[in-house]
Amino acid sequence: MTLTTDQQMLVEQRLSNDKKSIGVAYILWLFLGGLGAHRFYLGKTGSGIAMLCLTLIGMITLVVYIGAFILAAVGIWMLVDAFLIPGIVASDANAKRAMIA
């Protein structure tokens, strides 16, 4: 289905209103990344819960040194997420664009 120019403009306007912000995602990643806040914001609730649980378990078990390994894994996950955030935002925008159009 081909959209007219006016329809395309309306789709892009609605998409810009609904689009997640990369800046907000990075701020959440920086300050609350270990708790998975950026993943909750980006709509990745399942992995956000996993990250939150791992961080809490790591903090609790830090006394017996097992928590250090868990927190190191969460730290690596956060580092990887720093590179994944733009792609997650773009794929979310493309999915919304396809749904709207």
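The values are calculated or read from the model by the stated rules, or taken from the named source; none is laboratory data. Just so you know, these numbers come straight off a predicted model, no measurement behind them. Don't worry about glycine lacking a Cβ; one is built from the backbone with ideal geometry, like all the others, and counts go over all protein chains shown. Heavy atoms of the whole protein, side chains included, go into the accessibility calculation; ligands, DNA and RNA do not. Shrake-Rupley method; radii C 1.70, N 1.55, O 1.52, S 1.80 Å.
Quick look at the values:
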quantity	calculated
Filter result for VAL74 (under 9 Å from the mean Cα position of the chain (by Cα) and open to solvent by less than 70 Å² (accessible area, probe 1.4 Å))	no
Matching residues, segment 22-60, being open to solvent by less than 50 Å² (accessible area, probe 1.4 Å) and within 22 Å of MET99 (Cα to Cα)	ARG39, LEU42
Pick from segment 1-21, criterion within 29 Å of the chain's Cα centre (by Cα) and hydrophobic (A, V, I, L, M, F, W, C), ranking: surrounded by the fewest Cβ atoms within 10 Å (Cβ to Cβ)	MET9
Qualifying residue in segment 3-19 (condition: in a helix (DSSP H, G or I) and touching a Ser or Thr at 6+ places or on another chain (Cβ under 8 Å))	no
Segment 1-14 residues that are within 14 Å of ARG97 (Cα to Cα), paired with ones that are β-branched (Val, Ile, Thr) and part of a helix (DSSP H, G or I) (beta carbon under 6 Å, 6 or more apart)	VAL11/ILE100; ARG14/ILE100
Members of segment 91-101 found to be of a type outside the set (S, T, N, Q) and either in contact with a Cys (Cβ under 6 Å, 6 or more places away or on another chain) or open to solvent by 50 Å² or more (accessible area, probe 1.4 Å) (or both), listed by number	ALA95, ARG97, ALA98, MET99, ALA101
Members of segment 15-52 that are basic (Lys, Arg) and farther than 11 Å from ASP81 by Cα	LYS19, LYS20, LYS44
